Amino acid sequence: MHAQPVNKRLRLSLYVITLSIFFSLAFMISVMIGTMQLSPFEVADSIINPNSDPVARSIVLGYRIPRILFASLTGFVLGVSGGVIQTLTRNPLADPYITGMSSGAALGAAIAFVVPFLPYYAVPIMAFLGGVSMLLLSIFLAKKAGAGPIGFILAGVAVGTFASAILMVVLALASEKSHGILYWLFGSFSTSTWGDLQTASAVSMPAIIFALYKARDLNILLLGEEHAAQLGIDSRRLWLLMLLLSSLAVSACVSFCGIIGFIGLVAPHMVRLTIGSDNRFVLPLAGFTGSLLIVIADNIVRNPLNPIAEMPVGSVTSMIGVPFFVYLLIKKGKSFGM
Amino acid sequence: MPKIKTIGALAVIALAISLVTAALVFSNNSTLSALDSRLIAMNSTLNNLKGELSSLQDELNIVRASYYPLVIEDALGRVVTIKSEPTRIVSGAPSITETLFALGLSSRVVGADSYSNYPSEFLQLKAQGKIAIVGGVTTLDPEKVAAQKPDLVVIDASLQGKFIPALESLGLTVVALDTKSVESAKSNFQLLAKITYKLSEGVRIVDRLNTAIQNVSGKVSGSSPTKVLFVVWHDPMYAAGNGTYLGELISIAGGVNIAGNRTGWVVVNPEQVVAANPDVLIMSSMSLPMNPEQIFAYFRSLPGFENVNAVRNNRVYILTEDASNALERAGPRLVDGVYILGYILHPEAFKVQLPNVLAGNYTSYLGR
């Protein structure tokens, strides 16, 4: 691809500007709409004035803002990790769930639902443990197989399928607890709290910031191991570290909100198709694109006009993400790739 | 002369006595004969009645003998022929099992689903191996059903309708019931009573439910409606909406369902609960996901719930085990369920304050 530098810079700034405008709009609309419609003044009042209507105040500060922030964080983490993992595996179809981590998290969460009398915060803890253990298992198996990125993808598929199989057994045995499990699997931000946000960002943000910091090295990794070695980069060590950190970050988020699909796959491609494949720009912008997509999807979910209300946000991310993805694919299919 | 006077007086007295005696005897005789004739009349009436009774009995026997084959229409509109009085019955759902037992058919039930657990006689028969378990409510095993050689299989139309072709191909007589409304519960009692020739028992069960509903809705009619949210799961809050069987019970018991603006079982987000501010929050589950204290703590931990009336006034109720079953199963225990809901929503009308956790011990609080 021989894009003109000026053209590229223009596209980049256009993308950033558009993204910022849409994200600010989506954020503001998110705070205003829901069960109770609030005007921008009411929103501002409930944030600034501690003596404002306690109902509006607890809705804005207790539910909407942590919910939107958690959704944004998850979208950001999924977008960045998706970009990282697509680069690592050199596979445009890869997403952060390729390690079998999501199936592991789902299994952990399901077990926490089924085991009687666990406290309510057992679900994210078990989901995180499940996700990380499947991640480590697939890395271990891939290293044993030693077949590089392909071996890694296959190990992830194997581990993930195995975890899913056990999950099905748990679901079958869960009887009336299964709707709790299913709802978690679909993904939802409806009960995201400030506490969830703190915990998830404490784990995921350092990992994601490190990944962004190493974006240049990832570019070099794409050129091949020898090339990287010449530039003083231990590519195997970097490979493993990046994989672990980005998966860990995703694991921390989805353990709270459930498996949100498609963002990790589509967000990096949306950026690449617009501005090229330089990871220094792709990764942060994929993060912001992911945030935007999730906040929009969550808005649709919370929309009071939506008759089903609170439908699974994961299905909406796919429903709005796929058509756009297909459009890009048809329009720019030739330049599709890493 | 005085002697003559005395004799004369004595004679008069004697004559009077004899006259009175004669009169008495005569009148007694006439009373007796009247009684006699009445007795004769009654005897003949009795004989007539006896004759009528025996002819009625004959007729009844004829009716009973020709009662079967009985043609009925089930909840799915299927026309089913019941060939003879069912003696080996398999039930597909707890509400059906409970109805069969309430109709006095305990000795005829030979199979049931794995969720059935009431009454205690059922558990005994199950432990003795007289009732086999033929699968779960959504996972009925047609072969296990057939193995019981039933002459009647009663199933839940919406959850088990998919098994009808398999059951019929095994040559079984299947009746599907709708268990999704109070009206359908009543018609289920009547239909099962009709099918099993337990007509008076059926009438009694329906009457008991009607009386309970009239009592409760009558008592609460004077009170202003209580805003309530009824959930079966805490996260997400999975609530009974409009058109559900529980939504119907809520309005019978004088409640306004805050999830009633949407139809069916719906997910309600906590923000909506804060905005709607229900007076009562009920969580009902046959087996709870956490212990009651943890559930109360969870609801208290949600932002803004400290301002929700139900939490502020300690009117969060947890129903589990039998208390939950009484309410959620559209069986004869619905009578108890209607009262539980009435007491929870309107303690002032009934002068009864239920504890916040109701389980298998709930009957001791109903005071009936």
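Using Cα centres only, tell me the gap between segment B:162-210 and segment A:139-214 in whole Å.
Between the Cα centres of segment B:162-210 and segment A:139-214 lies a distance of 46 Å.
Arrange the following residues from fewest to most other Cβ atoms within 10 Å of their Cβ: B:GLU201, B:GLU73.
Going from sparsest to densest Cβ surroundings: B:GLU73, B:GLU201.
Within 10 Å of each Cβ in peptide B:230-238, how many partner chain Cβ atoms are there on average? Round it to a whole number, please.
If you average over the peptide's residues, the count of other-chain Cβ atoms is 4.
Label-point separation (nm) for B:LYS149 and B:ASN277, each offset 7 Å from Cα along Cα-to-Cβ?
6.7
Most exposed first by the Cβ proxy, i.e. fewest other Cβ within 10 Å, how do A:MET242, B:MET283 rank?
Lowest count first: A:MET242, B:MET283.
Find how much the distance from B:GLU85 to B:LEU10 grows on full extension, using 0.36 nm per residue of separation minus their present alpha carbon separation; answer in nm with one decimal.
18.6 nm
Rounded to the nearest 0.05, what FRET efficiency do B:LYS162 and B:GLN353 give with R0 = 45 Å and r taken as the Cβ-Cβ distance? Could you check?
Step by step, r from the Cβ atoms, then E = 0.50.
Mind checking the mean number of beta-carbon atoms from other chains within 10 Å of the Cβ atoms in B:264-270?
Values: counts 1, 1, 4, 10, 4, 12, 8.
Average neighbour count from other chains, rounded to a whole number: 6.
Rg and Dmax in Å for segment B:70-177, alpha carbons only: what are they?
12.5, 36
Note down the magnitude of the dipole of the protein assembly as shown about its Cα centre, charges +1 on Lys and Arg C-beta and -1 on Asp and Glu C-beta and zero elsewhere, to the nearest 20 debye.
On the way: 50 positive and 43 negative charges, 106 e Å.
Here the protein assembly as shown has a charge dipole of around 500 debye.
Label A:SER39 and B:LEU199 with points 7 Å out from Cα along Cα→Cβ: what is the distance between them in nm?
Each label point lies 7 Å from its Cα, and together they span 6.9 nm.
Given points 7 Å out from each Cα along the Cα-Cβ axis, report the A:VAL322 to A:LYS144 separation in nanometres with one decimal.
Rounded to a tenth, the inter-label distance reads 3.6 nm.
Which net charge results for the neighbourhood of A:GLY62, defined as the other residues with beta-carbon distances under 11 angstrom from its beta-carbon, given Lys and Arg at +1 and Asp and Glu at -1?
+1
Per residue of segment A:33-47, what does 6.51 cos²θ - 1.76 cosθ + 1.60 with θ = phi - 60° give for ³J(HN,Hα)? Whole Hz please, x for Gly and Pro, Karplus curve as stated.
8, x, 4, 10, 7, 10, 7, x, 5, 4, 4, 4, 4, 5, 7
Antiparallel as a % of all DSSP beta bridges within segment B:223-366, to the nearest 5?
Once the DSSP bridges in segment B:223-366 are tallied, antiparallel ones form about 30 percent.
For the residues B:GLU321, B:GLU328, what sequence is obtained by ranking on other C-beta atoms within 10 Å, fewest first?
With the fewest neighbours first, B:GLU321, B:GLU328 line up as B:GLU321, B:GLU328.
Assuming 0.36 nm per residue, please report the length gained on full extension of the stretch B:GLN190 to B:SER223 beyond their Cα-Cα distance.
8.6 nm
Tell me which residues come under 5 Å, amide H to amide H, from B:VAL175 once H is placed; ignore anything under 5 positions away on its chain.
Placed amide hydrogens put B:VAL153, B:VAL154, B:ILE155 under 5 Å from B:VAL175.
Assuming R0 = 35 Å, what is the FRET efficiency of B:GLU306 and A:LEU241, from their Cβ-Cβ distance, to the nearest 0.05?
Details: r = 45 Å, r/R0 = 1.28.
Efficiency for this residue pair is about 0.20.
Going highest first, how would you order A:225-233, A:129-137 by mean Cβ packing within 10 Å?
Put in order of decreasing packing, that is A:129-137, A:225-233.
Restricting to chain B, what percent of DSSP beta bridges are antiparallel, rounded to 5?
Within chain B, antiparallel bridges account for around 30 percent of the total.
Search the structure for amide H atoms under 5 Å from the amide H of B:GLY241, placed 1.01 Å from N in the peptide plane, and list their residues when 5 or more places away or on another chain.
Result for B:GLY241 returns B:GLY264, B:TRP265, B:VAL266.
For segment B:298-309, just list the computed ³J(HN,Hα) in residue order, Karplus coefficients 6.51, -1.76 and 1.60, θ = phi - 60°, integers in Hz, with x standing in for Gly and Pro.
Karplus-based 3J(HN,Hα) across segment B:298-309 equals 4, 4, 5, 6, 6, x, x, 5, 5, 9, 7, 3 Hz.
For peptide B:307-317, how many partner chain Cβ atoms fall within 10 Å of a residue's Cβ, on average?
1
Which percent of Cα-Cα pairs in chain A sits in each 10 Å bin, short to long?
Taking all Cα pairs of chain A, the binned fractions are 6, 25, 33, 24, 10, 3, 0 percent.
HN-Hα J couplings of segment B:178-190 from phi, Karplus 6.51/-1.76/1.60, θ = phi - 60°, integer Hz, Gly and Pro as x?
8, 10, 10, 8, 5, 4, 5, 4, 4, 5, 5, 4, 5
Assuming R0 = 60 Å, what is the FRET efficiency of A:TYR213 and B:ASN242, from their Cβ-Cβ distance, to the nearest 0.05? If you can, show how the numbers build up before the last one.
Working: r = 53 Å, r/R0 = 0.89.
My answer for the efficiency is 0.65.
The numbers here are math on the coordinates, done by the rules we state, and not lab data. What you see is a predicted model; the values in this text were computed from it and never measured. Neighbour counts run over all protein chains shown; Cβ positions are idealised from the backbone, glycine included.
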